[in-house]
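Right, one structure below, let's go through it.
The values are calculated or read from the model by the stated rules, or taken from the named source; none is laboratory data. Please read all numbers here as calculations on a predicted model, not as lab measurements. Counting neighbours? That spans all protein chains shown, and the Cβs are built from the backbone with ideal geometry, glycine included.
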Amino acid sequence: MEETNISRDFIREIIDADIASGKHSEIVTRFPPEPNGYLHIGHAKSICTNFGIAAEFAGRCNLRFDDTNPVKEDIEYVEAIENDVKWLGFKWDTLHFASDYFDRMYMLAEQLISKGLAYVCDLSPEDTRAYRGTLTKPGRNSPFRNRSVEENLELFRRMKDGEFAEGSRTLRAKIDMTSPTMCLRDPHMYRILHKDHHRTGSKWCIYPMYDFAHCLEDSTEGITHSICTLEFEVNRPLYNWYLEKLDIFRSRQIEFARLNLSYTVLSKRFLRKLVEEGFVNGWDDPRMPTISGLRRRGVPAAAIRSFCSIIGLAKRNSTVDIALFEHSIREKLNKTAPRAMSVLNPVKLVIENYPEDRTEHFDYVVNPEDESAGTRATPFTKELYIERDDFMEDPPRKFFRMGPGREVRLRYAYLVTCTGVIKDEDGNITEIRCTYDPDTKGGNAPDGRRVKGTLHWVSAAHSFPAEVRLYDRLFNKENPMDNEDGVDFTSHLNPGSLSTVTNCMVEDHMKNNEPGYVCQFERKGYFSIDPDSTPEKMVFNRTITLRDSWKKLHGKKK
RNA sequence: UGGCGAAUCGUCCAAUGGCAGGACAUCGGUCUCUGGAUCCGAUAAUCGGGGUUCGACUCCCUGUUCGCCAGCCA
């Protein structure tokens, strides 16, 4: 892959050492999402890490759905997740579902019971909590802790056979109710859930808990390095306990800090709220930090990959400035996106001395950053559209664009001089008039005179109106979750995160492109064709603006 | 208040006892037929207090701050 890591992160160093010591000859990783929502850029960090490491060490990486809780999961998400991983540019070695291991897990649970290391507990959820103690007070043993192996085996089998009500019994590991590590206080291994599972149907009514299931999944697949996020750090002793007591392949869990990004939220729960309460138009709304949202917005997978590489990997909780992500997007698109001229806020420009019936074609450089992209012909006529913002009747200092009597360049075409404007009865400019200098064909004056401004344009006869959706950051607060004033994060939503502009004038040739196509509208930013597009009405998404030092100079215009 | 973990430019990541470096952001300049890109430069940091050492971001002690754990979620 194209990413280059400047320095080794702590995980790669651990793996280096494991290779050097001969502990492992092949590295196996996995990406293990729960199919209960859509993937976002935070998952991309994990995906790039797991698949990236496997590739770098010539190992393997599996995609595994951690579907141990039928209450929250759905097959709908499985397909979306597979799609997103593929789109990000990764291929898994093998595809697995935790539910495929339910038989094996059940068998291993019985083993633990037989070893006297697990028991069926009849405590209610409330009593379980009371017996657990608190962070500072040790727990007490469950009254069911000392049942015989035979009784436990019998009860566990009857749990599996559906003889008991939900919540009436659980299978617990017998560890230490006084441990300062909470998850070691006889953690639950199985709970009763009379719910159909999206893959196993009604076969099971008991389902394994994360801590018991995950280490077994890893071990079964021979995962050498089980990379997960920091909140599982406290679960690691339990992860190791199960593998040790069962005496099966020892996967090693390593935790890294999850991604936080400024001006957005990266938590399934809150993203779901945005979707379900209509703050955005679905999981793939181009303002969403979801993979599907970014894809629809026009962000290239390569930009996401390079972003994940550049932010590094560490154990420190941190928040990456979204400007760094925007930089990655621009950097990638600048090198790859074909250029086009489109006028977002059009005003007619009429060249008084240009023949009515003439059409000239100029060579247009498709991408100045990529010579192999070549050139194409772009049509030029007497009546054009230019950007309304590119004209001022009374221009301030340092305004290089068009104004009465000023000469500017029409990109790749001619130097033109403004001769006047036509206004309607309200004083709005409806048309700008100019003359062209026939000796400046191609955009350069033979006498060497220079103009400071170059404007983009489209031929009125060779362009069509389209809808353009302009996106901005989703929130106007750096950390939307910081609710020191007690307000909900949705009150920090940026009201200007989407503004729709209609009747933008786009070059005719753009009609030949499909949704997903990404290009640069010169001087305006990068734009992608939205799937909402129809042959009658094309819709473009602004992926990201160009850096704009003029706008910066003059503060926020508009 | 028990346990686990983390503290380095504004932000993210390096430096593993030997000149604190890179990227983004910001500011300035160069260049330009995109006020884009490019190129150059500047600003800017080791949480506090002790200790070990010729030498400490790094090791030790101590304090502080932040994160995680008391789901039959993952």
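From (1) in contact (Cβ under 8 Å) with a residue 24 or more places away in the chain; (2) over 20 Å from A:ILE322 (Cα atoms), pick out the condition that doesn't hold for A:THR534.
(1)
Would a scan of region A:405-412 turn up a residue that is touching a Cys at 6+ places or on another chain (Cβ under 9 Å), free of Cβ contacts under 8 Å to residues at least 60 places away in the same chain and surrounded by fewer than 16 Cβ atoms within 10 Å (Cβ to Cβ)?
Within region A:405-412 (the criterion being touching a Cys at 6+ places or on another chain (Cβ under 9 Å), free of Cβ contacts under 8 Å to residues at least 60 places away in the same chain and surrounded by fewer than 16 Cβ atoms within 10 Å (Cβ to Cβ)), the answer is yes, since at least one residue qualifies.
Filter region A:446-475 for residues that are of a type in the set (A, V, I, L, M) and part of a strand (DSSP E or B); which is farthest from A:ASP508 (Cα to Cα)?
Restricting attention to region A:446-475, the residues satisfying the condition of being of a type in the set (A, V, I, L, M) are A:451, A:455, A:458, A:460-461, A:466, A:468, A:470, A:474.
Retained after the next criterion (residues that are part of a strand (DSSP E or B)): A:455, A:458, A:466, A:468, A:470.
Details: A:LEU455: 19, A:VAL458: 9, A:ALA466: 11, A:VAL468: 15, A:LEU470: 21 Å.
If we take residues in region A:446-475 being of a type in the set (A, V, I, L, M) and part of a strand (DSSP E or B), then A:LEU470 is farthest from A:ASP508 (Cα to Cα).
Residues that are under 22 Å from A:ALA461 (Cβ atoms) and either outside any helix (DSSP H, G or I) or of a type outside the set (Val, Ile, Thr) (or both): does region A:392-401 have at least one? So that I can check it myself, show each step before the final result.
Going through region A:392-401, the residues under 22 Å from A:ALA461 (Cβ atoms) turn out to be none.
There is no residue in region A:392-401 that is under 22 Å from A:ALA461 (Cβ atoms) and either outside any helix (DSSP H, G or I) or of a type outside the set (Val, Ile, Thr) (or both).
Could you tell me how many of the residues in region A:308-337 are near RNA strand B (Cβ under 7 Å from one of its atoms) and of a type in the set (A, V, I, L, M)?
Residues meeting the conditions: 7.
Tell me whether region A:373-384 contains one or more residues that are more than 29 Å from A:VAL421 (Cα to Cα), in a loop (DSSP other than H, G, I, E, B) and more than 10 Å from RNA strand B (Cβ to nearest atom).
Here is the first cut: in region A:373-384, the ones more than 29 Å from A:VAL421 (Cα to Cα) are A:373-377.
Those still in the list that are in a loop (DSSP other than H, G, I, E, B) too: A:374.
Among the residues that remain, those that are also more than 10 Å from RNA strand B (Cβ to nearest atom) are: A:374.
Scanning region A:373-384, I find at least one residue that is more than 29 Å from A:VAL421 (Cα to Cα), in a loop (DSSP other than H, G, I, E, B) and more than 10 Å from RNA strand B (Cβ to nearest atom), so the answer is yes.
Can we say A:ILE113 is within 14 Å of RNA strand B (Cβ to nearest atom) and among the aliphatic types (A, V, I, L, M)? Give the derivation first.
On the way: within 14 Å of RNA strand B (Cβ to nearest atom): no; among the aliphatic types (A, V, I, L, M): yes.
The answer is no for A:ILE113.
Taking region A:504-529 on its own, how many of its residues are under 16 Å from A:PHE464 (Cβ atoms), of a type outside the set (Phe, Trp, Tyr) and crowded, with 19+ Cβ neighbours inside 10 Å? Walk me through how you get there before you give the answer.
Keep residues of region A:504-529 that are under 16 Å from A:PHE464 (Cβ atoms), which gives A:504-513, A:517, A:519, A:521, A:527, A:529.
Subsequent filtering for residues that are of a type outside the set (Phe, Trp, Tyr) retains A:504-513, A:519, A:529.
Still in the running and crowded, with 19+ Cβ neighbours inside 10 Å: A:504-507, A:510, A:519, A:529.
Here the count works out to 7.
Scan (1) free of Cβ contacts under 8 Å to residues at least 12 places away in the same chain; (2) of a type in the set (Gly, Ala, Ser); (3) touching a Ser or Thr at 6+ places or on another chain (Cβ under 8 Å) for the single condition A:GLY374 breaks and write down its number.
Failed condition: (3).
With the requirement that a residue be of a type outside the set (D, E, K, R), loosely packed, with under 15 Cβ neighbours inside 10 Å and either farther than 14 Å from A:ARG409 by Cα or more than 8 Å from RNA strand B (Cβ to nearest atom) (or both), what does region A:430-457 give you?
A:THR430, A:PRO438, A:PRO446, A:GLY448
Take A:VAL265 and tell me if it is in contact (Cβ under 8 Å) with a residue 24 or more places away in the chain and within 10 Å of RNA strand B (Cβ to nearest atom). Steps first, answer last, please.
Numbers: in contact (Cβ under 8 Å) with a residue 24 or more places away in the chain: yes; within 10 Å of RNA strand B (Cβ to nearest atom): no.
Spelling it out, it is not the case that A:VAL265 is in contact (Cβ under 8 Å) with a residue 24 or more places away in the chain and within 10 Å of RNA strand B (Cβ to nearest atom).
Return yes when A:LYS335 is farther than 30 Å from A:ALA257 by Cα, out of contact with any Lys or Arg (no Cβ under 9 Å at 6 or more places or on another chain), assigned to a strand (DSSP E or B) and charged (D, E, K, R) and no when it is not.
Details: farther than 30 Å from A:ALA257 by Cα: yes; out of contact with any Lys or Arg (no Cβ under 9 Å at 6 or more places or on another chain): yes; assigned to a strand (DSSP E or B): no; charged (D, E, K, R): yes.
It is false that A:LYS335 is farther than 30 Å from A:ALA257 by Cα, out of contact with any Lys or Arg (no Cβ under 9 Å at 6 or more places or on another chain), assigned to a strand (DSSP E or B) and charged (D, E, K, R).
May I ask you to list pairs of residues, at least six apart or on different chains, whose Cβ atoms are under 9 Å apart, with the first in region A:116-128 being in a loop (DSSP other than H, G, I, E, B) and the second being crowded, with 23+ Cβ neighbours inside 10 Å and among the aliphatic types (A, V, I, L, M)?
Pairs found: A:LEU117/A:ALA173.
Is it true that some residue in region A:120-131 is more than 16 Å from RNA strand B (Cβ to nearest atom), surrounded by 15 or more Cβ atoms within 10 Å (Cβ to Cβ), within 25 Å of A:CYS215 (Cα to Cα) and not aliphatic (A, V, I, L, M)? Spell out how you get there, then give the answer.
Taking region A:120-131 first, the residues more than 16 Å from RNA strand B (Cβ to nearest atom) are none.
The answer is no; no qualifying residue exists.
Residue under question is A:ARG236, and the condition is that it be outside the structural domain of A:ILE53 (by TED's automatic domain parsing) and either more than 28 Å from A:ARG147 (Cα to Cα) or near RNA strand B (Cβ under 9 Å from one of its atoms) (or both); does it hold?
Values: outside the structural domain of A:ILE53 (by TED's automatic domain parsing): no; either more than 28 Å from A:ARG147 (Cα to Cα) or near RNA strand B (Cβ under 9 Å from one of its atoms) (or both): yes.
No, not satisfied.
Filter region A:338-368 for residues that are assigned to a loop (DSSP other than H, G, I, E, B), out of contact with any Pro (no Cβ under 9 Å at 6 or more places or on another chain) and within 16 Å of RNA strand B (Cβ to nearest atom) and give the result.
Matches in region A:338-368: A:PRO338, A:MET341, A:LEU344, A:ASN345, A:PRO368.
Going residue by residue through region A:290-307, is there one that turns out to be within 13 Å of RNA strand B (Cβ to nearest atom), surrounded by fewer than 21 Cβ atoms within 10 Å (Cβ to Cβ) and not small (Gly, Ala, Ser)? Spell out the reasoning first.
Looking only at region A:290-307, we keep the residues that are within 13 Å of RNA strand B (Cβ to nearest atom), and these are A:303, A:306-307.
Filter again for surrounded by fewer than 21 Cβ atoms within 10 Å (Cβ to Cβ), leaving none.
No, region A:290-307 contains no residue that is within 13 Å of RNA strand B (Cβ to nearest atom), surrounded by fewer than 21 Cβ atoms within 10 Å (Cβ to Cβ) and not small (Gly, Ala, Ser).
Can you tell me which of (1) within 30 Å of A:LEU266 (Cα to Cα); (2) buried (at least 17 other Cβ atoms within 10 Å of the Cβ) is the one A:ASP390 doesn't meet?
Condition not satisfied by A:ASP390: (1).
Any idea which of (1) within 16 Å of RNA strand B (Cβ to nearest atom); (2) small (Gly, Ala, Ser); (3) more than 26 Å from A:PHE362 (Cα to Cα) is the one A:SER533 doesn't satisfy?
(1)
Report, by residue number, each residue of region A:24-34 that is in contact (Cβ under 8 Å) with a residue 60 or more places away in the chain and part of a loop (DSSP other than H, G, I, E, B).
Restricting attention to region A:24-34, the residues satisfying the condition of being in contact (Cβ under 8 Å) with a residue 60 or more places away in the chain are A:24, A:26-32.
Scanning region A:24-34 gives A:HIS24, A:GLU26, A:ILE27, A:PRO32.
Six or more apart or on different chains, Cβ atoms under 7 Å: show the pairs whose first residue is in region A:510-521 and farther than 14 Å from A:VAL366 by Cα and whose second is outside any loop (DSSP other than H, G, I, E, B).
A:ASN513/A:ILE529; A:GLU514/A:ILE529; A:PRO515/A:ILE529; A:GLY516/A:SER528; A:GLY516/A:ILE529; A:TYR517/A:SER528; A:TYR517/A:ILE529
Does region A:35-55 hold any residues that are more than 14 Å from A:PHE256 (Cβ to Cβ) and either polar (S, T, N, Q) or part of a helix (DSSP H, G or I) (or both), and which are they?
Initial filter on region A:35-55 (more than 14 Å from A:PHE256 (Cβ to Cβ)): A:35-41, A:51, A:54-55.
The answer is A:ASN36, A:ILE41, A:PHE51, A:ALA54, A:ALA55.
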